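Enquirer: First, the structure itself, so that you have it in front of you.
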Amino acid sequence: MKLEGIHHITAITGDAPRNVEFYAGTLGLRLVKKTVNQDDPTVYHLFYADEKGSPGSDITFFEYPGVARGRAGAGMVHRIAWRIGSPEALDFWEERLNAHNVASKRGPDYLRFDDPEGLGLELRVTETSDEPLRANHPDIPAELALLGFDGVCAYSADPQASARFLGDAVGFTPQSDNEWTVRGAQRGSFYVYDVAPEQRGLNGAGTVHHVAWASPLEEHASWRERVVAAGGDVTPIIDRFYFKSIYFREPSGVLFEIATMGPGFTADEPAESLGESLSLPPAFESLRDELVKVLTPLPNPRAESLTR
Ligand code: ZN
């Protein structure tokens, strides 16, 4: 039993319209689901991914309108890396980010920058036989587009304290003292620890809430048993409608989720129009008219660029 790399990553935004402009506009991902937070249906939960909404490409945001910026500290993911296909793609993204007034720092095979609320992002030239997970964007040639997640970097005060749990509970493979990989039959991802800053982390806009790892549907319950057996304090299986989930913290403090690779985002709307209208869990459908009045109006960069 092996996890299939990252399923999705969930972060926090205080400014949903700007978040949509950045992820669906600047980065060219597809807004594949526009739904509400199941704990507070007056605010959004936004999902951006490749064209099909595949696990491995999906970054999601809880909207807390106007919330103050957070700061990554020990026990928090501080950088998210996507794959790109070539050094030419690095050139393209350096120019495109610059044209969108996003400062970036280029390394030999990567480009680092922050999202509008300070979330650390990276594009990495990666050689892999994993399926490229691309979204279509009229201004981004397909061969230069983002190709799905490569991995995440977290801060830890004591990476070794997590070693046994990562190996036993979630089946990660050590690459060095602070670097792990997780690879299933279809996909893999890295999980790296960097030295935590002195300052305590603060949840808020621009911080990662949790990282979810992908499980085939039929293995999900067994993963829960395995986490329990490794001493993890894990939630019951929760039905998130688009996938089923369990949550637990790994010893460094990072909140992990294991999510099923289905049924996926076409469970309640057709693939062609994913993310275009507001999707509500059945329990909130009767509140639709009220919710539409209070939810923040959002731009649609895809429609805007298609009509240009
Ligand atoms: Zn999640």
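Enquirer: Which pairs turn up if I take residues in segment 77-90 that are in contact (Cβ under 8 Å) with a residue 60 or more places away in the chain and look for partners that are part of a helix (DSSP H, G or I) and crowded, with 23+ Cβ neighbours inside 10 Å with beta carbon separation below 8 Å, at least 6 apart in sequence or on another chain?
Expert: Short answer, once both residue conditions are applied: ILE84/TRP93.
Enquirer: Counting just the residues of segment 249-258 that are assigned to a strand (DSSP E or B) and surrounded by fewer than 21 Cβ atoms within 10 Å (Cβ to Cβ), which one comes out farthest from the ligand (Cβ to nearest atom)? Break it down stepwise before answering.
Expert: From segment 249-258, those assigned to a strand (DSSP E or B) are 249, 255-258; that's our starting set.
This time we only want the ones that are surrounded by fewer than 21 Cβ atoms within 10 Å (Cβ to Cβ), so: 249, 255.
On the way: ARG249: 14, LEU255: 9 Å.
Once the filter is applied, the top-ranked residue is ARG249.
Enquirer: Restricting to segment 203-260, name every residue that is within 22 Å of ILE12 (Cβ to Cβ) and of a type in the set (Asp, Glu).
Expert: Those that are within 22 Å of ILE12 (Cβ to Cβ) and of a type in the set (Asp, Glu): GLU250, GLU257.
Enquirer: Please pick out the residue among THR60, THR42 that is of a type outside the set (D, E, K, R) and buried (at least 19 other Cβ atoms within 10 Å of the Cβ). Outline the logic, then answer.
Expert: Numbers: THR42 fails: buried (at least 19 other Cβ atoms within 10 Å of the Cβ).
Going through THR60, THR42 in turn, just one is of a type outside the set (D, E, K, R) and buried (at least 19 other Cβ atoms within 10 Å of the Cβ): THR60.
Enquirer: Filtering segment 74-83 down to residues that are more than 22 Å from GLY184 (Cβ to Cβ) and either within 16 Å of the ligand (Cβ to nearest atom) or under 18 Å from the mean Cα position of the chain (by Cα) (or both), which residue is surrounded by the most Cβ atoms within 10 Å (Cβ to Cβ)?
Expert: Of the residues in segment 74-83, the ones more than 22 Å from GLY184 (Cβ to Cβ) are 74-76, 78-79.
Then keep just the ones that are either within 16 Å of the ligand (Cβ to nearest atom) or under 18 Å from the mean Cα position of the chain (by Cα) (or both); that gives 75-76, 78-79.
Working: GLY75: 19, MET76: 23, HIS78: 20, ARG79: 19.
Residue satisfying both the conditions and the ranking: MET76.
Enquirer: Looking at (1) over 22 Å from GLY151 (Cβ atoms); (2) hydrophobic (A, V, I, L, M, F, W, C); (3) in a helix (DSSP H, G or I), find the lone condition where PHE241 falls short.
Expert: The number of the failed condition is (3).
Enquirer: Let me ask another. List pairs: first residue in segment 1-28 and more than 20 Å from TYR242 (Cα to Cα), second residue at pLDDT 95 or above and charged (D, E, K, R) anywhere in the structure, Cβ distance under 6 angstrom, at least six positions apart or on different chains.
Expert: MET1/GLU219; THR13/GLU63; ALA16/GLU63; PHE22/ASP115
Enquirer: Taking the conditions exactly as written (at pLDDT 95 or above, of a type outside the set (D, E, K, R) and within 16 Å of the ligand (Cβ to nearest atom)), does VAL32 satisfy them or not?
Expert: yes
Enquirer: I've got another one for you. Do you know which residues across segment 259-308 are crowded, with 18+ Cβ neighbours inside 10 Å, small (Gly, Ala, Ser) and either touching a Ser or Thr at 6+ places or on another chain (Cβ under 7 Å) or in a helix (DSSP H, G or I) (or both)?
Expert: Within segment 259-308, ALA259, SER279 meet the criteria.
Enquirer: Residue by residue through segment 112-160, note down the ones that are polar (S, T, N, Q), surrounded by 16 or more Cβ atoms within 10 Å (Cβ to Cβ) and not in a strand (DSSP E or B).
Expert: THR126
Enquirer: Another question, then. Out of the residues in segment 198-213 meeting the condition of being out of contact with any Gly (no Cβ under 6 Å at 6 or more places or on another chain) and among the aliphatic types (A, V, I, L, M), tell me which one is nearest to the ligand (Cβ to nearest atom).
Expert: ALA212
Enquirer: Output the number of residues of segment 214-228 satisfying the condition of being touching a residue at least 60 places away in the same chain (Cβ under 8 Å), part of a helix (DSSP H, G or I) and away from the ligand (no atom under 16 Å from the Cβ).
Expert: 3
Enquirer: Taking the conditions exactly as written (modelled with pLDDT of 95 or more and away from the ligand (no atom under 16 Å from the Cβ)), does GLN160 satisfy them or not?
Expert: So GLN160 fails the test.
Enquirer: Here is a follow-up. Anything in segment 232-243 that is surrounded by fewer than 19 Cβ atoms within 10 Å (Cβ to Cβ) and under 17 Å from the mean Cα position of the chain (by Cα)? List them, or say none.
Expert: ARG240, the sole residue that qualifies.
Enquirer: Select from segment 22-39 the residues that are of a type in the set (Ser, Thr, Tyr) and part of a helix (DSSP H, G or I) and write down the one among them that is surrounded by the most Cβ atoms within 10 Å (Cβ to Cβ). I'd like the intermediate steps shown before the answer.
Expert: Filtering segment 22-39 down to residues of a type in the set (Ser, Thr, Tyr) leaves 23, 26, 35.
Restricting the remaining residues to those that are part of a helix (DSSP H, G or I) gives 23, 26.
On the way: TYR23: 26, THR26: 22.
So, considering only residues that are of a type in the set (Ser, Thr, Tyr) and part of a helix (DSSP H, G or I), the one surrounded by the most Cβ atoms within 10 Å (Cβ to Cβ) is TYR23.
Enquirer: Tell me the residue from ASP233, ASP168, ASP194 that is in a strand (DSSP E or B) and either within 15 Å of the ligand (Cβ to nearest atom) or not hydrophobic (A, V, I, L, M, F, W, C) (or both), please.
Expert: ASP194
The values are calculated or read from the model by the stated rules, or taken from the named source; none is laboratory data. None of the values given here were measured: they were computed from a predicted structure. Glycine gets a Cβ as well: all are built from the backbone with ideal geometry, and neighbour counts include every protein chain shown.
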